[in-house]
Amino acid sequence: MNQSEAEKKIENLSKKIDEHNHNYYVLDKPVISDFEFDKLLEELIALEKEYPALLLPTSPSQRVGGTITKEFKSVKHRYPMLSLSNSYSKEDMLDFDRSVKKGLNMENDLFASKDVEYVCELKFDGLSIGLTYENGILTQAVTRGDGVQGDDVTTNVKTIKSVPLKLKGNYPPDFEIRGEIFMNKKPFEQINKEREEIGEAPLANPRNTASGTMKMQDSAVVASRKLDCFLYSLLGDGIPHAGHYENLMAAKSWGFKISEHTRLCYGINEVLEFIDHWDHARLDLPFEIDGIVIKINDYKKQQQLGFTAKSPRWAIAYKFKAEQACTKLLDITYQVGRTGAITPVANLDPVQLGGTVVKRASLHNADIIEKLDVRINDYVFVEKGGEIIPKITSVNFEKRDPKNAKHLYAFECPECHAKLVRKESEAQHYCPNENYCPPQVKGKMEHFVSRKAMNIDSLGGETISQLFDAGLLKNIADIYDLKKEQLLPLERMAEKSAQNLIEGIEQSKTIPFERVLFAIGIRHVGETSAKKIARKVKDIDTLLSLTKEQLLEIDEVGETIAESIITHFANPQNKEILTRLQKAGLQFSLSEEAMAKTGDKLAGLTFVISGVFTKYSRDQLKEMIEQNGGKNSGSISGKTSYLLAGDNMGPEKLKKAEKLGVKIISEDNLEKMLEN
Ligand code: IVH
């Protein structure tokens, strides 16, 4: 292939990939499988590597990120980024309509209510962004900042698949489009599930997560966070239509993601109907909204109304009421998590809220307590937002007793009285006494015996507690010294259960290295990273000999994990526990079998497993897929390469697979794929 042929090929491939990205992320209607998509992308990346001069900044290969931004450049907005005034009731909305009509001199028009054309949009709960396109190419993405100037986050925004890097159709040569970057509920829940598995405090809500993600320096991490972006306003010369709604529809045809729920309404009554509908229906959306935005459609009328110092007179936000209650804060107590993370908890005078009685609310961390200035015996407002745990939003200062003293954050662990520590970059306080603090020790043991770790299900949380209190279990290594005679005197411990327990412990000695590595509870080392590390280092001695730089070379290992591994094994107590576990006979190297089984035969393929199997368990099948470089997924989409089907599979799954043209294979087929 010569240079000009390569250029043509790259152009064609990029166009195809852009289209598939649009189908998947904007239209939500994929037409090819994940496997086929990845193949196209791989081909493009290979060509760009061979002909580096042909790599364009708009190439879809650039979406994977990898560029590090040390400091975001501050950029002045071409048009200031204003905010909206808020309204909270039907009356507020009627007032708005009246003042609009007054401003437009329509008050005396008998049919006035039909004459104002309003555009109703969802008020997405994320962070605002301004995107500049020059000749159809995304050249800059700037955050709101203080409204006058914001941060240039172009490299990060380029990783958001629903943001077009290049436009199609008849777009103006130079314009700005503004919208909201947000995170869908599903990926947000997934992040928190993963954090929980490795003992990290959950993130508070999708909005803060999206906004925190935008500030990250490593765009590859941003890419992995699956952010999304709806656009809702156009600015600049040469905007094609005289109405906002028509322009949004035009922007949709250029490739932007415009919400399908945007409506053109005639008169305020239709607006109120729209609001009523979404007040309930919002709970079923895959993302969070905190209200509705109402804008006058006609640009001329917008101009006629103009702006106040802070916001336009031609638009308003209607904010949904979060259910709220006011109650007395009786006490602030502290919880110690498995990793020693301290969470302050508000103990409330029980109050009815959203159909349940609320007695406790999270106070998150010391900064939040400080910011709210909440004190014991204060009356506080509690809200149930999108989050499950209710939160305290403010203090009712009118009802504050001047005797209520400023709250002093705990300085020692409520369980073991060790002095709490707080790392500079973290919001949470920690109890550093990881090997002696009771909830931490018990939590570590519970994690150690859990199903995904050593799978000793005969040793439940209650037994652990009993054995800990009896002084028989002080750390995870003690588990392997337990004798049946020591167990029998325990309450509710019969001969049979004692026997089962001892057998369960014995059996756990065959659990493979990667799970042992996960089980020993190194902070930040989750199931997946433990697997990746085990497969890379092959045995514990190699892992112990690695420097931080060498650790960083392992897939899935970043600064935090690398530092955590080093700190863990630098602790003499942890080292001693490790030596005892080795002596007890646990697996600290990959088995011959595991080494023989690993490979990359299934690299780039995504599998969905469904039904009942005869030769292997579902977990074994999952394992086989992962060990050979494949991915497992829970639901069928255009990205699924194969549906691995057993008996009694749900008819819905089968239908969906057939509809999307996903290949259906049996466990025998999978075996064959691995043999070849
Ligand atoms: S229009 C002149 N439309 O809500 C202001 N804003 O204060 C133009 N937002 O900062 C904003 N969804 O980040 C507009 N459909 C929507 C919106 C929306 C969310 C955010 C935006 C803005 C804030 C309003």
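The sole residue among ARG523, ARG515 that is more than 22 Å from GLY340 (Cβ to Cβ) and touching a residue at least 24 places away in the same chain (Cβ under 8 Å) is ARG515. Among the residues of region 210-228, those that are more than 15 Å from the ligand (Cβ to nearest atom) and open to solvent by 10 Å² or more (accessible area, probe 1.4 Å) comprise GLY212, LYS215, MET216, GLN217, ASP218, ALA220, VAL221, ALA223, SER224, ARG225, LYS226.
The helices (runs of 4 or more DSSP H) found entirely in region 96-200 that carry 2 or more residues being under 30 Å from SER74 (Cα atoms), over 16 Å from the mean Cα position of the chain (by Cα) and in contact (Cβ under 8 Å) with a residue 12 or more places away in the chain are 154-157. Tell me the residue from LEU231, LEU248 that is farther than 26 Å from HIS524 by Cβ and in a strand (DSSP E or B), please. Just a single option satisfies the conditions, and that option is LEU231. Checked against the criterion of being within 14 Å of the ligand (Cβ to nearest atom), open to solvent by less than 50 Å² (accessible area, probe 1.4 Å) and touching a helix residue (DSSP H, G or I) at 6+ places or on another chain (Cβ under 7 Å), the candidates PHE188, PHE182 yield just one match: PHE182. Among the residues of this structure, LEU231 counts as one that is within 16 Å of the ligand (Cβ to nearest atom) and under 26 Å from ASP28 (Cβ atoms).
When GLY130, GLY126, GLY150, GLY145 are checked against the criterion of being open to solvent by 40 Å² or more (accessible area, probe 1.4 Å), within 14 Å of the ligand (Cβ to nearest atom) and either of a type in the set (Gly, Ala, Ser) or in contact with a helix residue (DSSP H, G or I) (Cβ under 9 Å, 6 or more places away or on another chain) (or both), GLY145 stands alone in meeting it.
If I ask for residues that are open to solvent by less than 30 Å² (accessible area, probe 1.4 Å) and either among the polar types (S, T, N, Q) or modelled with pLDDT under 95 (or both), which ones from region 7-16 would you list? The one that is open to solvent by less than 30 Å² (accessible area, probe 1.4 Å) and either among the polar types (S, T, N, Q) or modelled with pLDDT under 95 (or both): SER14. Within region 273-309, take every residue that is open to solvent by 30 Å² or more (accessible area, probe 1.4 Å), assigned to a loop (DSSP other than H, G, I, E, B) and of a type outside the set (Asp, Glu) and give me the one that is nearest to ASP95 (Cα to Cα). Going through the qualifying residues, I end up with THR308. Looking at region 215-257 only, could you name the residues that are touching an Asp or Glu at 6+ places or on another chain (Cβ under 9 Å) and modelled with pLDDT under 95? Within region 215-257, LYS215, GLN217, GLY236, ASP237, GLY238 meet the criteria.
Hey, could you check region 175-214 for residues that are under 12 Å from GLU288 (Cα atoms) and aromatic (Phe, Trp, Tyr) and say which is modelled with the highest pLDDT? Looking at residues that are under 12 Å from GLU288 (Cα atoms) and aromatic (Phe, Trp, Tyr), I get PHE182.
Report whether or not LYS193 is more than 16 Å from the ligand (Cβ to nearest atom), closer than 17 Å to GLY126 by Cβ and open to solvent by 30 Å² or more (accessible area, probe 1.4 Å). So LYS193 fails the test.
Residues in region 303-324 that are more than 10 Å from the ligand (Cβ to nearest atom) and more than 30 Å from LYS384 (Cβ to Cβ): GLN303, GLN304, LEU305, GLY306, THR308, ALA309, ARG313.
Scanning region 394-421 for residues being part of a loop (DSSP other than H, G, I, E, B), open to solvent by less than 90 Å² (accessible area, probe 1.4 Å), closer than 30 Å to CYS437 by Cβ and in contact with a strand residue (DSSP E or B) (Cβ under 9 Å, 6 or more places away or on another chain) gives a total of 8. What tally of residues in region 524-549 results from selecting those that are in contact with an Asp or Glu (Cβ under 8 Å, 6 or more places away or on another chain) and at pLDDT below 95? So the count comes out to 12.
Listed here are the residues, each with its yes/no results for (1) within 30 Å of GLY521 (Cα to Cα); (2) in contact with a Cys (Cβ under 6 Å, 6 or more places away or on another chain); (3) more than 16 Å from the ligand (Cβ to nearest atom); (4) part of a strand (DSSP E or B).
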position	(1), (2), (3), (4)
ALA346	yes, no, yes, yes
VAL358	no, no, yes, yes
ALA361	yes, no, yes, yes
ILE368	yes, no, yes, no
ILE376	no, no, yes, no
PHE381	no, yes, yes, yes
ILE392	no, no, yes, yes
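For first residues located in region 220-240 and closer than 30 Å to LYS295 by Cβ, partners that are open to solvent by 50 Å² or more (accessible area, probe 1.4 Å) and within 16 Å of the ligand (Cβ to nearest atom) and lie 6+ apart or on another chain with Cβ distances below 6 Å form the pairs LEU235/TYR79.
Within region 66-88, the residues that satisfy the criterion of being within 16 Å of the ligand (Cβ to nearest atom) and open to solvent by 80 Å² or more (accessible area, probe 1.4 Å) are ARG78, PRO80, TYR88. Within region 494-504, the residues that satisfy the criterion of being assigned to a helix (DSSP H, G or I) and open to solvent by 10 Å² or more (accessible area, probe 1.4 Å) are GLU495, LYS496, SER497, GLN499, ASN500, ILE502, GLU503, GLY504.
Meeting the requirement of 3 or more residues that are open to solvent by less than 30 Å² (accessible area, probe 1.4 Å), the helices (runs of 4 or more DSSP H) wholly within region 528-626 are 559-570, 572-584.
Only a single item in (1) part of a helix (DSSP H, G or I); (2) open to solvent by 70 Å² or more (accessible area, probe 1.4 Å) is not met by VAL31, and it is number (1). Does PHE518 satisfy being open to solvent by less than 60 Å² (accessible area, probe 1.4 Å) and touching a strand residue (DSSP E or B) at 6+ places or on another chain (Cβ under 6 Å)? In short, no.
Checked against (1) assigned to a helix (DSSP H, G or I); (2) more than 16 Å from the ligand (Cβ to nearest atom); (3) touching a Phe, Trp or Tyr at 6+ places or on another chain (Cβ under 8 Å); (4) under 26 Å from THR209 (Cβ atoms), GLU270 passes all but a single condition, namely (4). For region 323-344, residues that are part of a loop (DSSP other than H, G, I, E, B), surrounded by fewer than 20 Cβ atoms within 10 Å (Cβ to Cβ) and hydroxyl-bearing (Ser, Thr, Tyr) total 0.
The values are calculated or read from the model by the stated rules, or taken from the named source; none is laboratory data. Keep in mind that what you see is a predicted model, and the values were worked out from it rather than measured. Cβ: placed from backbone, ideal geometry, glycine included. Neighbour counts: every protein chain shown. Side chains included, ligands, DNA and RNA excluded: accessible areas come from the protein's heavy atoms. Shrake-Rupley method; radii C 1.70, N 1.55, O 1.52, S 1.80 Å.
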